[in-house]
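Encoded as structure tokens, the structure appears first; notes follow it.
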Amino acid sequence: MSWPSHPLWRASLALPAAIFGAAARARRRLYADGYFEKTRWPFPIFCVGNLTVGGSGKTPVTLWLTERLKAAGRRPVILSRGHGRRGGPVYVPNQGEALPGAALLGDEPRLLAARLPGVPVSIDADRSAAAGRAWAAGTVDCAVMDDGHQHERLHRDRSLLCMDARTAHGVFVAGRPTPLLPAGPWREKPAAGARADGWVFTRAERLSGAERAALRSAGLPGAVPTFFADYVLSFYEGRTGRPVPAAEWNGASVLALTGVADPAGFEAGLERLGARVRGLRFADHHVFSRKERARATDEAGRDRRRLIVTEKDWQRLPPDFPAVVARLDLKWDGEDPWDSVIASALR
């Protein structure tokens, strides 16, 4: 995702960005002062959010947190907005039934449901209403709200704020600007991190040890714990589910078909495994047409490249599409947020 870099373009967007920021601050103040009511449900709610548009690692953190809650004997539900989908609210029990497609669920909720069998997913732009449907079902005792840092209507018990580690280093160490929408990718200024209970810096493998140390000591807003998570890719054949060893990418020619917020980050991850990557990029949540799918398979065949997609993109592709799927997981560098942030809300 690109943002205006020419000074004239940025200047022309300064006023809309200022209005956007002022409106967001006013709304938060109305909730904080009690003019707008926050909804509380009788179970703990954990928020995974960010301050920028896309590419911050919310989905893998949501996966990790939900898996940890299950391992602790809890019965979580995922609350999601479902970007890029069509239709009204949806509640997916996820008890072994066939999952609806991404057009109804959204690609990220469908990915979460597929990776977390047995965990319900409640999809609604109004996350409070989504929580209410889960509570009415009578099968949950906690919730993970994906992409909820700006969703003031629903009370949350703990909040994790995700940010790409390279972005965080640029802002908190190097002092780079943070232009608000529509002039830049920021939904809120970094000071909004003071509302969180912990910072999670993702893609931390892209930082050197010295850069990580500088970020740890940078004096972040909120004076809350900080956590670093590396991205770990694994692979499987989309049509068969057969695992594909990561070693196969060393020296391989690859065509990466993507419709994600940060295609360059995905391509860089493949290059770190030794792949020679060509990217075929589309917008985040893009629904690939038959013509676009044919273009990808034709280019891969003509140039003798292996076709690869992200697991998020796979949710928007037909099950017979001839591609390898890249699955993303987290590897924590040191402590994870469970003991110091999450566990106390479950007592």
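Every number here is computed from the coordinates shown, using simple stated rules; none is lab data. Note that the coordinates shown come from a computational prediction; the quantities given were computed from them, not determined experimentally. Positions of Cβ are generated from backbone atoms using ideal geometry, with glycine treated the same way; all protein chains shown enter the neighbour counts.
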With DSSP loop assignment and no more than 12 other C-beta atoms within 10 Å, the trypsin sites (Lys or Arg not before Pro) in segment 65-98 are Arg86
CD proxy at 222 nm, helix term only [per DSSP H run n ≥ 4: -39500 (n - 2.57); per residue of the chain; nearest 500]: -8500 deg cm²/dmol
Specify which labelled value, from (i) -0.29, -0.38, -1.43; (ii) -0.30, -0.40, -1.59; (iii) -0.34, -0.44, -1.51, agrees with log10 I(q)/I(0) by the Debye sum over Cα atoms at q = 0.07, 0.08, 0.16 Å⁻¹ derived from the coordinates of the model shown. (ii)
Which Cα, out of Val254, Val244, Gly301, lies furthest along the positive dipole direction of segment 233-328 (beta carbon charges, K/R +1, D/E -1)? Gly301
Total lysine pairs under 28 Å (Cα atoms) in the chain, excluding pairs fewer than 8 apart on one chain: 13
Write down the Å³ per residue value for the convex hull defined by the alpha carbon atoms of segment 233-328. 82 Å³
Under 5 Å, built H, 5+ apart or other chain: amide partners of Phe228: Phe201, Asp333
Suppose we keep just the DSSP beta bridges with both residues in the chain; what percent of those would be antiparallel, to 5? 25 percent
14 Å beta-carbon shell around Arg25, net charge (K/R +1, D/E -1): +3
With only Lys, Arg, Asp and Glu charged, each at its Cβ (+1 for the first two, -1 for the last two), find how big the charge dipole of segment 1-141 is about the Cα centre; round to the nearest 20 debye. 260 debye
If you place +1 on the Cβ of every Lys and Arg, -1 on the Cβ of every Asp and Glu, and leave all else neutral, what size is the dipole of the chain about its Cα centre, to the nearest 20 Debye? 520 debye
Spin-label model distance (nm) - Arg295 vs Ser12, 7 Å beyond Cα toward Cβ: 2.7 nm
